1. Between T98 and T34, what length in nm is gained on full extension when 0.36 nm per residue of separation is reduced by their alpha carbon distance?
2. Defining a contact as two alpha carbons under 8 Å apart and six or more residues distant in sequence, what relative contact order in percent does the range 51-107 show?
3. Looking at the square roots a ≥ b ≥ c of the eigenvalues of the Cα gyration tensor of the range 51-107, which shape do they give, rounded for a/c under 1.5, prolate if a/b is larger than b/c, or oblate?
Amino acid sequence: MRLVCFWIGLLGSAVLPAQDIDVAVLPGQSRALTILDEIRNGHERAAFLKLFKERQPPKRRGLAESFLDRWPQSWLLATVYEIASKACIDLGDYEAATVRIRIQRTPRRIPRR
């Protein structure tokens with residue numbers, strides 16, 4: 001009996017259409033969610049987007065360093081350190097790139113509130 005119920009449930013679920021649980025049905029055209037939607041601070045979001053879109057290594061390195069100075073507690077630090085180290089590599093500053101990588105991999109102590 002259990003086997004029959006198992007097969008009925010299995011076949012029944014295969015026939016029914018599935019629903020995306022991460023999709024909200026709203027009127028109008030919807031857009032895909034990105035990592036930028038998770039950034040609450042508007043200035044931090046704009047700075048990260050500007051950094052992410054920049055393609056010239058000198059400007060990218062400068063934007064990354066200013067981001068790190070302005071938001072030292074951001075949850076985006078790992079990504080920003082990676083961008084900064086890659087910009088340093090592109091500029092031939094391998095020592096600065098290794099320092100950025102070391103800082104990125106060093107665990108930080110988070111103060112308790």
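Just so you know, all these numbers are worked out from the coordinates, no wet-lab data involved. Here the structure is a predicted model, which is why all the values come from computation and not from measurement.
1. Here the segment from T98 to T34 would lengthen by 20.1 nm.
2. Reported as a whole number, the value is 33 percent.
3. oblate
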